[in-house]
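Everything on this sheet refers to the single structure shown next.
The values are calculated or read from the model by the stated rules, or taken from the named source; none is laboratory data. Here the structure is a predicted model, which is why all the values come from computation and not from measurement. So basically every Cβ, Gly included, is an ideal-geometry build from the backbone, and we count neighbours across all protein chains shown.
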């Protein structure tokens, strides 16, 4: 694979879910929305509604599968690259490369390459995985909800009791923060400037989708002005 770097973005020949294609990065025409969220906030439901409204594709867990295919790594690594198992992934990388510092770095590099390949297809909504740190010119959305609402959602949609839901949310919040800090650094994680922040306390999925669509229309107009030279 003969890859090149353009403006920090990878392009060349790659495969996403078995479909090869020429990657084309024109920042003025980038149609990508990243969604950072807390578990139980309803972000996945909002993303699905947004995808239906815009005719785009949502990338979440399938991102892990395409990651494994894209870098041609063994099945064992797929079991340990989830956010909750980054320490195990680091140990696995150490056994391969003999450098403990390589664990998170190798994972982050592979993750970035896969996300950029997805972005090259355009019309992508990427949930989590630190995509907001990897695609600087996307529209970056943060979706949250009060803890009690998140507990209620977990009880309703995941069929959990209250105690189990509360415990699961606390574990998820801790593991997600640890994953992001290890991959991208504490300062970047704590000070990231989201373009739009939504609380699902009073918003419906339709409300949230409409607000994100409006924000993206304004964001897209700014991109065309910022990168006007790339349109020539």
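Miscellaneous remarks
- Residue check: residue 210 meets all listed conditions (1) at positive phi; (2) modelled with pLDDT of 95 or more but one, namely (1).
- Extreme residue, nearest to residue 210 (Cα to Cα), among residues of the range 129-144 that are surrounded by fewer than 22 Cβ atoms within 10 Å (Cβ to Cβ) and out of contact with any helix residue (DSSP H, G or I) (no Cβ under 7 Å at 6 or more places or on another chain): 142
- Cβ-Cβ contacts under 6 Å between residues 6 or more apart (or on different chains), taken from a first residue in the range 123-136 that is within 16 Å of residue 183 (Cα to Cα) to a second residue that is part of a strand (DSSP E or B), are listed as 131/34; 132/34; 132/36; 132/140; 135/32.
- Close pairs (8 angstrom Cβ cut-off, 6 or more residues apart or separate chains): more than 23 Å from residue 189 (Cβ to Cβ) in the range 156-174, at pLDDT below 95 and surrounded by fewer than 17 Cβ atoms within 10 Å (Cβ to Cβ) anywhere: 165/158
- Residue within the range 167-178 that is more than 25 Å from residue 27 (Cα to Cα), at pLDDT 95 or above, in contact with a helix residue (DSSP H, G or I) (Cβ under 8 Å, 6 or more places away or on another chain) and buried (at least 21 other Cβ atoms within 10 Å of the Cβ) present: no
- Each residue in the range 191-212 was checked for being loosely packed, with under 15 Cβ neighbours inside 10 Å, farther than 16 Å from residue 150 by Cα and out of contact with any strand residue (DSSP E or B) (no Cβ under 6 Å at 6 or more places or on another chain), and 4 pass.
- Qualifying residues in the range 98-128 (those that are crowded, with 19+ Cβ neighbours inside 10 Å and modelled with pLDDT under 65) - the one nearest to residue 213 (Cα to Cα): 107
- Restricting the range 20-42 to residues that are in a strand (DSSP E or B) and touching a helix residue (DSSP H, G or I) at 6+ places or on another chain (Cβ under 9 Å), the residue that is modelled with the lowest pLDDT: 21
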